Structures are given as C-alpha cells and as structure tokens.
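Each reported figure results from applying straightforward, stated rules to the coordinates on display, with no laboratory input. Here the structure is a predicted model, which is why all the values come from computation and not from measurement. We place every Cβ from the backbone using ideal geometry, glycine too, and count neighbours over all the protein chains shown.
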Amino acid sequence: MPSSLGQLSIRRVVGVFTLLVLAALGLAATAGHAQTPASVRYITIGTGGVTGVYYPAGGAVCRLVNKGRRTHGIRCSVESTGGSAVNIDSIRMEELDFGVVQSDAHYAAVHGNAPFEAHGPYADLRSVFALHPEPFTVVARADAGIRSFKDLKGKRVNIGNPGSGQRGTMEALMAALGWTTADFAQAMELTSAQQSKALCDNKVDAMVFTVGHPNASIKEATITCDTVLVEVSGPEIDALVGQYPYFNTNTIPKGMYRGTERDIKTFGVGATVVTSANMSDEVVYQIVHAVFENFESFRLLHPAFARLDKAAMTAQGLSAPLHPGAVRYFKEVGLMD
C-alpha cells in the first residue's frame, strides 16, 4: 500500500489536473470568435522617441487594447524606436507587429522610394487607421538670425536621424529647393530626444521636427532658451504639397509655445498606424475596435488627438490598402460601405 505521504501527493496531482481541465472547459465554453486569455497574443507597436507624439500615441492604443485583454487575449506593448522608416523595416522583418509612421514614409514604402529602394515596393504593408496631423516644425535660436526657412542656409541644423520621419520630410523639402547637406555649416543627425538640449546648449542653430502638437521636446526648447518658430511657406512649398498626396498645408496655432505670438504657416504629413498583411484579421479588428469604441477616451489621452475625426481616420494619408481586420470593423459601424 502507498504511504500516507504518497496518497497525499497523488491527491494533489489529481486535484491540480482536475482544476486545469475545468479551467480549460470553462474557457472553451465562453470563447467566441475572439482569442481567449488561454492563448495570449503579445503584440508590439513601434513608435518613435519618447519626447515625440508617436510614443504616447502607441501607448494610448495599447492602453485601450489592454483594457479588454480578458475578453480577446491580446496584450499590447510599446517600443521606442528610431521612427517611421525603422518601424516599417521592422514590420517587414517581423521584429514589430505594428508601427506608427508618417504618411510620406507610408507612401514611400508602398512604392519602393527612398529610403526603401533596396527592398523595392512593400506589397504586404497594410494600413490600420490614420492618426493626427503632423506639421513640419522649425525651431531656431532667437540669436541665430533665422526668420524664414531659407535662412537655414549656412547654419548648423539638426536634420534628424536617418530612418526618422523628420529626416524624410526634411530631405523632400531640401530636394524641392535644390539643397544638399553641403548648404549647411553643419548638418547634425540627432534624434528627436537629443535635439532640444543641443539647441539650447548652442550646438545647433535650428532643429526640424515633423510632429503633432503640442510636443514636449519643442516645449522644452522654447522654455529653456530663447527660440523662434520659423514659417515654412512659399511657391516651392505649394508645389511640393500639390505634387504629393501625403503632404498638406498646415498651421501651428499661436500661443501653443512660449514666444509664438502668431500662427505659423507650414506644411506637413499625418501619422498613420500600419501592420503587415500577415497579421491576424482578428488582432487588427480588436485593435481598431478598442480605439474606435472608446473614441472619446482616446481623444483625451493626448492633446494632439483632440480634433481627430473617425471618417478621416479611415482614409487620410493611407497609401497601403486597409487591412481586412480594419475593413471588417469600419463596415460594421458604417464608416465604410
């Protein structure tokens, strides 16, 4: 006969096994078409620098997705990255599941334009939804004598790190003006998290940023040292906006930052959320559902979201086809036919 200790061990094993079976049966009974917590799906959204809007934007999406994790079994996390091009390349290499990217990088990836020529057109890139507008913003030291964009010639300028959205927009603008980096006294490649300190430490005369407003990095610069926001307008800008579907004219409202006593005319792009055609329809559906079913809460999660419009978010700046999971939700709620 087995010892009393052996009998106790056997009973414990049987008890644990029984509980596991009952738990599995309970989950199976309550499961619908969505994933269940029994098979948790972890997803990561690539964003940008922590001082930009992409990082809190990804965090806002994840916050709403994670609220429903007990129902759909999806756990969402955010990764700070080098920006738009990095996010797209990481999705292509299956290192990220989703990414927040500028609409110009979105377009370039679909068509295989710079900086994506080496890979060619990304046929499997899919749109999820559009986010906020992102005006191209130039912040200069007040003592640098910069009052228009063309005054940047011969100055020390941070043009953004390679692979970032700000760098892509800056290069498009430089091409439209016939400029190269040789037109600057120094062309720095600092990240968005580094540039404000460099500006106020007098290591650069100006920095550029393609970003939603208000932005913490720009606010830091305008509070820490004397700065001006520079208008970016003129016939070359009008031609650039007319040439490409992902650009639009924009305005940075007066009073948003210290020293901005008038509206600043500029142009810009939009932020978009993208993924791969290989991503599960159900996962994409649940992400879109989480954001759009909690839309007013989402708009309160960052000031840049205040003027978001549901209809515009289904189309604006989306060069890649919508993912079927997103289409499914938009059709269910009447945002698409």
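How large is the convex hull of the C-alpha atoms of the stretch 27-181 per residue, in Å³?
Residue-normalised Cα hull volume stands at 128 Å³.
Calculate the FRET efficiency for Ile223 and Trp179 from the Cβ-Cβ distance with a Förster distance of 41 Å, rounded to the nearest 0.05.
Computed FRET efficiency for Ile223 and Trp179: 0.85.
Please go through the residue pairs Lys153/Lys219; Lys155/Lys254; Lys219/Lys331 and name each one whose alpha carbons sit more than 30 Å apart in this structure.
Those over the limit are Lys219/Lys331.
Tell me which residues come under 5 Å, amide H to amide H, from Met188 once H is placed; ignore anything under 5 positions away on its chain.
Sorted by chain and number, the residues that satisfy this are Val157, Asn158, Ile159.
Run a plain Debye calculation on the stretch 134-270 (Cα atoms as equal point scatterers, no solvent) and give log10 I(q)/I(0) at q = 0.10, 0.16, 0.18 Å⁻¹, rounded to two decimals, same order as the q list.
-0.27, -0.74, -0.97
With each pseudo-label sitting 7 Å past Cα toward Cβ, what's the Asn113-Leu301 distance in nm, one decimal?
Reported label-point gap for Asn113 and Leu301 is 3.0 nm.
Ignoring solvent entirely, what values of log10 I(q)/I(0) come out of the Debye formula for the chain at 0.07, 0.12, 0.14 Å⁻¹ when each Cα is a single scatterer?
For the requested q values the scattering log ratios are -0.34, -0.82, -1.07.
Per residue of the stretch 251-263, what does 6.51 cos²θ - 1.76 cosθ + 1.60 with θ = phi - 60° give for ³J(HN,Hα)? Whole Hz please, x for Gly and Pro, Karplus curve as stated.
Couplings: 9, 9, x, 5, x, 6, 10, 4, x, 9, 9, 9, 5 Hz.
Computed FRET efficiency, Cβ-Cβ of Glu293 and Val40, R0 22 Å: what is it to the nearest 0.05?
Computed FRET efficiency for Glu293 and Val40: 0.55.
Would you kindly derive the ³J(HN,Hα) couplings of the stretch 132-138 from the backbone phi angles with the Karplus curve 6.51 cos²θ - 1.76 cosθ + 1.60 (θ = phi - 60°), listing them in order in whole Hz, with x for Gly and Pro?
Couplings: 7, x, 10, x, 6, 10, 10 Hz.
Just how large is the dipole of the stretch 134-270 about the Cα centre, in debye to the nearest 20, putting +1 at every Lys and Arg Cβ and -1 at every Asp and Glu Cβ?
Details: 14 positive and 15 negative charges, 40 e Å.
Roughly 200 debye, rounded to the nearest 20.
Run through the DSSP bridge list for the chain and note the antiparallel percent, rounded to the nearest 5.
The antiparallel fraction comes to roughly 65 percent.
Evaluate the distance, in nm, between pseudo-label points positioned 7 Å from the Cα of Gln186 and of Asp238 along their respective Cα→Cβ axes.
Those two pseudo-labels are separated by 3.7 nm.
With only Lys, Arg, Asp and Glu charged, each at its Cβ (+1 for the first two, -1 for the last two), find how big the charge dipole of the stretch 197-263 is about the Cα centre; round to the nearest 20 debye.
I would put it at about 260 debye.
Cβ under 13 Å from Val204's Cβ, Val204 left aside: what net charge do those residues give with Lys, Arg +1 and Asp, Glu -1?
The answer is +1.
If amide H atoms are built 1.01 Å from N in the plane of the peptide, which residues on other chains or at least 5 residues away come under 5 Å of the amide H of Glu134?
Result for Glu134 returns Val269, Gly270, Ala271.
Rounded to the nearest 5, what % of the DSSP beta bridges within the stretch 134-270 are antiparallel ones?
On the way: 16 of 22 bridges.
Close to 75 percent.
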